[in-house]
Amino acid sequence: MNIILLGPPGAGKGTQAARLIQDRGMVQLSTGDMLREAQAAGTPLGEKVKDIMARGDLVTDQIVIDLIAEKLEAGAEGGFIFDGFPRTLAQADALGELLAAKGETLDKVIQLKADDEVLVKRVVNRAAEAVAAGGKARADDNAEAMRTRLFNYYRDTGPLIGYYHAKGLLTALDGLGEIDAVAAAVKAALDA
Ligand code: AMP
């Protein structure tokens, strides 16, 4: 089963993906993680996207479509979890084509809904916790970049809700409950 976790930044997509990896042996494809890895490795791609990501803007469709196309090659027995991809209608179309070319389908889209103010507080906390734990906060986990990320989410990614609803693939869930409760709701949606 191949699924998308769709939702604004901080809604818990990564947390729920981690549960699905553990419980179902699914493979997570997070374009945000891939781009951060490219930055950490200092590759030309990492350099190219660094400032765009720090601001909270989207990188070009082609960059993330190429990253996903490469990862799809390996296949995944437990299925793929697309996390943070697609984020635009062009990416959604490209994903459909890439899957079809491999004889695969997209089976479900789980939308994690969350309130903006809570999300801003969450990512600002996430940054503070990372620093308190002796690590480094994400460059875009601050109130200003978060406003940009939310704006871009509603403008560019919001249309995907209608797109996947029209395809009969969408289940919307409250993303702000306890992690276990959200995980149970995700499981119910996938098993339905
Ligand atoms: P994320 O970890 O999913 O919050 O992504 C962090 C940042 O990476 C985003 O704010 C964008 O700058 C970039 N990014 C990740 N995925 C995409 C995507 N599918 N399309 C465009 N930009 C992306």
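The values are calculated or read from the model by the stated rules, or taken from the named source; none is laboratory data. All values reported here derive from a predicted model rather than from experimental measurement. For neighbour counting, all protein chains shown are included, and Cβ atoms are generated from backbone atoms with ideal geometry for every residue, glycine included. Keep in mind that these areas ignore ligands, DNA and RNA; they rest on the heavy atoms of the full protein, side chains included. Shrake-Rupley method; radii C 1.70, N 1.55, O 1.52, S 1.80 Å.
Here are a few things to note about the model shown:
- Contour minus Cα-Cα distance for residue 129 and residue 76 (0.36 nm per residue): 15.8 nm
- Here the accessible area of the chain is 53 percent carbon and sulfur, with a 1.4 angstrom probe and all protein chains present.
- The chain, dipole about Cα centre (Lys/Arg Cβ +1, Asp/Glu Cβ -1), debye to the nearest 20: 280
- For the pair region 136-157 / region 173-192, the C-alpha centres are spaced 24 Å from each other.
- Convex hull per residue volume in Å³, alpha carbons only, for the chain: 120
- Centre-to-centre, using Cα atoms only, region 1-59 and region 75-124 are separated by 10 Å.
- Phi-based couplings in Hz for region 86-101 (Karplus 6.51, -1.76, 1.60; Gly and Pro marked x): x, 10, 9, 4, 4, 5, 5, 4, 5, 4, x, 5, 5, 5, 4, 5
- Derived scalar couplings ³J(HN,Hα) [region 46-60; Karplus, 6.51 cos²θ - 1.76 cosθ + 1.60; whole Hz; x for Gly, Pro]: x, 5, 5, 9, 3, 5, 4, 5, 4, 6, x, 8, 8, 7, 5
- Calculated P(r) tail over 15 Å for region 123-175, as whole % of Cα pairs: 62
- Largest first and in whole Å, the equivalent-ellipsoid semi-axes of region 1-55 read 25, 13, 8, each the square root of five times a Cα gyration tensor eigenvalue.
- Farthest toward positive dipole pole in region 45-192 [+1 Lys/Arg, -1 Asp/Glu at C-beta], among 143, 100, 88: 143
- Where labels lie 7 Å past Cα in the beta-carbon direction, separation of residue 104 and residue 179 in nm: 2.6
- Eligible lysines near residue 187 by straight Cα distance, threshold 24 Å, same-chain separation 8 or greater: 13, 108, 113, 167
- With a Förster radius of 25 Å applied to the beta-carbon distance between residue 165 and residue 15, the computed FRET efficiency rounds to 0.55.
- Area of residue 48 that stays accessible when all protein chains are in place (1.4 Å probe, Å², to 10): 140
- Taking each DSSP H run with n ≥ 4 as -39500 (n - 2.57) and averaging over every residue of the chain yields -17500 deg cm²/dmol at 222 nm.
- Solution diffusion estimate, µm²/s, Stokes-Einstein, region 75-163, Kirkwood Rh from C-alpha pairs, 25 °C, viscosity 0.890 mPa s: 161
- In the full protein context, the chain carries 51 Å² of accessible surface per residue, based on a 1.4 Å probe and ignoring ligands, DNA and RNA.
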